[in-house]
Amino acid sequence: MDGEELKEGLLNLSNAELTDKIARLKKSLSGSIGARLPDGGEKLRANIKLHEDELEWRKRLGSDQQAESKLANAFQEELYALNPCDRKRTLNNQFSQRKRQKQELLSQEVPCKSSVDKDEQVLNVDLKGRDSSTRYKENIASCFSEKCKASQAQSSFTRRHANGEAVVLVDEGDPDAIKVTERVDQVVERKATKIYYPSRADPESVEICCSDMESLAPEAYLSSTIMNCYIRYLQKTKPHADVDEYHFFNTYFYQKLKDAVLSKNEKEASFVRLRRWWKGVNIFEKAYIFLPIHEDLHWSLIIICIPDKEDQLGPILLHLDSLGLHCSKSLFATIRKFLVQEWKFLRQGEGPALPISDKIWENLPRRIDENIIQVPQQRNEYDCGLFVLFFMERFIDEVHRRLKKKDFTMFGRRWFKPEEASCLRIKIRRILEEEFKNASEE
């Protein structure tokens with residue numbers, strides 16, 4: 001993401017969102033993420049500075065606006081004293097102006113929730129004439145002048161409803177205005193849409209609202225909703241992912257698992273309740289179990305592998321972390337307890353047919369192998385979710401059978417280029433944009 005796109009993205013954040021993002025970036029920098037970045041966190045510090053400057057500019061602007069308003073009110077009171085008869089007319093004009101200003105402000109902050117009159121709706125388009133790099137050098141007067149110009153330009157965009165369809169009236173001699181209006185109109189249409197991926201009829205469908213798309217913006221952290229959506233996408237589109245050899249837990253499972261296996265009270269009862277998450281699935285029959293981990297504002301991936309019976313191996317745990325931030329030992333301990341608890345539960349009944357030899361099965365708690373996998377590293381603080389999804393996709397593409405010891409050679413820092421994982425953000429966004437478009441048409 002270049003500087004201009006970043007500055008433009010800041011304009012779309014509310015003060016609360018900006019404050020929250022600054023706090024998250026600072027937490028990442030003060031933790032171990034900053035030290036692990038290739039540049040030592042230099043770019044992250046510059047990013048924080050840019051966000052702080054934007055927030056400070058907004059606070060300064062709000063303070064100056066209040067001072068100017070007080071001065072104008074004082075001057076108006078003097079006019080009232082000289083000519084009381086004009087007071088009523090002036091107040092009426094003020095109320096009318098405030099109403100228009102409020103409508104413009106609401107339209108700028110929430111473009112899809114503009115106030116709608118009975119016959120028409122005014123779309124206020126945020127023109128790209130404002131640049132964060134130059135605003136700090138402008139005085140307050142020029143800023144108000146720019147806002148006035150933007151308001152005048154925005155007044156030419158009027159939306160009317162005819163036969164249930166949106167008709168946008170613009171100046172036909174301004175082709176750029178038409179393009180901007182069409183883009184805003186599409187956003188309005190999409191913001192009112194909620195989709196279910198892959199379909200509402202799917203029992204494991206993921207509900208996605210338009211606001212969830214915000215986590216796909218440049219330099220944003222992926223949300224659980226987007227993560228789970230792409231995991232479902234892999235299951236539906238990869239020829240090897242939706243068969244009996246694979247099982248995918250969603251992003252909410254690990255915390256539930258951790259709470260259950262670490263519970264000091266009613267541990268067995270907690271684990272029985274937890275088993276609802278994989279009801280009807282025998283974990284030890286699967287070749288691979290994918291388990292995304294989210295802790296400390298970071299994503300990593302655990303893959304549980306069950307080798308072939310003839311290999312005489314127990315479960316193999318793989319930990320893939322694009323920053324090396326999560327404690328593998330702690331994660332392995334939790335997953336080990338999970339497997340042992342499930343092993344104990346299954347041993348209470350008749351032994352199911354498993355791809356594990358009897359000798360290994362009887363001593364399974366001592367035959368669990370743990371491996372920290374060397375993988376390509378992300379070059380920023382926000383792409384960890386994308387790397388987890390790309391780990392899954394790349395693994396599915398390259399391993400079409402149960403894991404063998406020789407398969408470990410495919411891993412390493414050169415397994416793929418970091419840019420391949422980072423570009424997944426664009427791919428996911430395009431997939432969901434198409435889903436929203438199809439839902440709107442239907």
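For the reader, a short list of remarks on this structure follows.
- Solvent-accessible surface of the range 357-442, averaged per residue with a 1.4 angstrom probe and all protein chains in place: 54 square angstrom.
- Charged-residue dipole, Cβ positions (Lys, Arg, Asp, Glu), the range 330-431 about Cα centre, Debye nearest 20: 160 debye
- Karplus-based coupling profile of the range 270-278, in residue order and whole Hz: 5, 5, 4, 5, 5, 4, 4, 5, 10, with θ = phi - 60° in 6.51 cos²θ - 1.76 cosθ + 1.60 and x standing for Gly or Pro.
- For the residue pairs Lys238/Lys427; Lys406/Lys427; Lys286/Lys405; Lys309/Lys344; Lys256/Lys344, the C-alpha atoms sit more than 22 angstrom apart in Lys406/Lys427.
- Ser422 sits among other residues whose Cβ lies under 11 Å from its own Cβ, and their net charge, with Lys and Arg +1 and Asp and Glu -1, is 0.
- For Lys258, net neighbour charge (Lys/Arg +1, Asp/Glu -1) across residues whose Cβ lies under 10 Å away: 0
- Inter-site label distance for Arg276 and Arg45 at 7 Å from Cα along Cβ, in nm: 5.0 nm
- Under the Karplus curve 6.51 cos²θ - 1.76 cosθ + 1.60, θ = phi - 60°, whole-Hz ³J(HN,Hα) for the range 428-442, x wherever Gly or Pro sits: 5, 4, 5, 4, 6, 4, 5, 5, 5, 5, 5, 5, 5, 5, 6
- Packing-based ranking, highest mean first, of 19-29, 219-229 given that Cβ atoms within 10 Å are counted: 219-229, 19-29
- Put Lys194, Lys264 in order of accessible area, highest first, and with a 1.4 Å probe you get Lys264, Lys194.
- Surface share of carbon and sulfur [accessible, 1.4 angstrom probe, percent] for the range 335-390: 45 percent
- Listed peptides 321-329, 305-313, 276-284 appear in the order 321-329, 305-313, 276-284 once ranked by packing, highest mean of other Cβ atoms within 10 Å at the front.
- Residue-normalised accessible area of the range 230-293, given per residue in Å² at a 1.4 Å probe: 51 Å²
The values are calculated or read from the model by the stated rules, or taken from the named source; none is laboratory data. Only a predicted model underlies this, so the values are computations on that prediction, with no experimental measurement involved. Ideal geometry is used to build each Cβ from the backbone, glycine not excepted, and the neighbour counts take in all protein chains shown. With ligands, DNA and RNA removed, areas are computed over all heavy atoms of the protein, side chains included. Shrake-Rupley method; radii C 1.70, N 1.55, O 1.52, S 1.80 Å.
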